[in-house]
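Single-structure report; data block below.
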Amino acid sequence: MMKVCLIGCGTIGSELAVAIDSGKVGSATLLALFDTVEHAAQKLKLRLRKDNVAIFSHFSELTSSSEFKDADIVIEAATQAAAKTFSKHVVENKKDLLIMSVGALADEFFLSQLLSVVYTNGTHIYVPSGAIAGIDAIKSVKGMLDSVTLTTTKNPRALAGAPFFNSEPTRLNSIKKKTLVFQGTAADAVNKFPANINVAAVLSLAGIGIQQTKVRIIADPNITVNQHQIEATGAFGEMSLTVRNVPSPNNPKTSFLAILSAIECLRSICEPGIRVGT
Ligand SMILES: NC(=O)c1ccc[n+]([C@@H]2O[C@H](COP(=O)([O-])OP(=O)(O)OC[C@H]3O[C@@H](n4cnc5c(N)ncnc54)[C@H](O)[C@@H]3O)[C@@H](O)[C@H]2O)c1
């Protein structure tokens with residue numbers, strides 16, 4: 001039995017919790033929900049069949065609870081800032097961590113601190129493939145990559161609110177045709193688009209790192225999907241992958257595939273038996 005505490009009861013967290021609750025995630029069982037917006041955790045709890053799931057609106061309440069002490073794994077599905085604030089405490093308490101706000105791991109010093117605790121404790125940090133495909137192949141050719149480029153095309157409303165636009169003359173609502181709004185390193189992209197481009201961090205961790213991975217972000221008012229194109233070259237050959245994801249109806253920034261990926265990642269952790277894919 002894999003006992004789970006959840007941080008963040010929004011789009012991803014809610015669907016993941018419902019999947020666990022309905023028995024679709026192997027032996028996982030949900031112990032606690034934590035969200036700084038109390039109503040979010042309460043609303044989610046109403047969707048669950050299990051009636052003894054604890055809810056918390058302060059991290060200190062969660063961490064001093066018996067549910068946290070009993071938990072095997074903590075799932076973060078909140079924000080990059082939350083992931084940075086809470087992850088260390090989770091791993092220091094010898095819990096596995098499944099992280100969705102992967103942009104937090106783009107901070108190489110932060111990542112190395114987490115990993116040193118994880119190595120000492122023999123625990124794990126799980127990073128689902130999220131909204132992209134091809135992570136298995138990128139991992140396999142990690143040592144022979146020359147270049148990796150991610151081109152993400154989203155509707156302007158799926159980019160709204162990104163800190164990038166605070167300092168740029170580009171006005172999202174004035175974009176009338178396909179427009180390249182950002183070009184740079186994955187490190188820069190995850191800082192400037194913390195809620196929009198987690199996939200860049202996932203790709204970097206799997207491949208040639210956050211400084212070497214190149215990212216292009218295109219705003220297209222006519223696109224209805226979240227499109228991610230990965231181009232990779234190296235001694236292995238070339239790779240070209242495109243996913244055109246249906247956005248979640250509750251949060252256009254988040255693709256439906258990201259939710260499914262989190263569910264499958266947890267299921268694969270929980271279930272014994274065959275493991276397909278690298
Ligand atoms: N890895 C990927 O491929 C991928 C894909 C999509 C989204 N994401 C990331 O996953 C995270 C969750 O996405 P979502 O679509 O569910 O977002 P969401 O906005 O729908 O939900 C986030 C929830 O977290 C809560 N929250 C915010 N700050 C918190 C804090 N400090 N402590 C506890 N709860 C807090 C919010 O109240 C909200 O209920 C985001 O960081 C998002 O960028 C990752």
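The values are calculated or read from the model by the stated rules, or taken from the named source; none is laboratory data. Worth saying up front: this structure is predicted, and the values here are computed from it rather than measured. Note that we place each Cβ from the backbone using ideal geometry, even for glycine, and neighbour counts take in every protein chain shown. Ligands, DNA and RNA are stripped out before the accessible areas are found, and what is left, the full protein with its side chains, is counted by its heavy atoms. Shrake-Rupley method; radii C 1.70, N 1.55, O 1.52, S 1.80 Å.
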Quiz item: What accessible area per residue, rounded to a whole number of Å², is obtained for segment 28-105 using a probe radius of 1.4 Å?
Solution: 45
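With a 1.4 Å probe and all protein chains left in place, how much of the accessible area of the chain comes from carbon and sulfur atoms, in whole percent? List each step's numbers first, then the result.
Details: 6700 of 12910 Å².
That fraction is 52 percent.
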Quiz prompt | Residue-count net charge about Ile208 - beta-carbon cut-off 15 Å; Lys, Arg +1, Asp, Glu -1 | solution = -1
Practice problem: List the DSSP H helices in the chain whose Cα atoms stretch 15 Å or more along the helix axis and whose mean Kyte-Doolittle hydropathy is at least 1.0. | Solution: 11-21, 256-270
Quiz item: What shape does the chain take by its C-alpha gyration tensor, where a ≥ b ≥ c are the square roots of the eigenvalues and a/c under 1.5 counts as rounded, a/b above b/c as prolate, and the rest as oblate?
Solution: prolate
Exercise. Provide the per residue accessible area, probe 1.4 Å, for segment 138-208, rounded to a whole number of square angstrom.
Key: 46
Quiz prompt | Neighbour net charge for Met2 - beta-carbon separation under 12 angstrom, K R +1, D E -1 | solution = -1
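May I ask you to derive the FRET efficiency for Thr242 and Ser116 from their Cβ-Cβ distance with R0 = 41 Å, giving the value to the nearest 0.05?
Working: r = 37 Å, r/R0 = 0.90.
Step by step, r from the Cβ atoms, then E = 0.65.
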Exercise. Net charge near Lys45: determine it from the other residues with C-beta under 14 Å of the C-beta of Lys45, scoring Lys and Arg +1 and Asp and Glu -1.
Key: -1
Exercise. Sort out for me the Cα centre separation of segment 239-268 from segment 1-66, rounded to whole Å.
Key: 20
Exercise. Work out the P(r) tail for segment 135-253: percent of alpha carbon pairs separated by more than 22 Å, whole number.
Key: 32
Self-check item: By average C-beta atoms within 10 angstrom, highest first, the peptides 76-82, 179-185, 235-241
Solution: 76-82, 179-185, 235-241
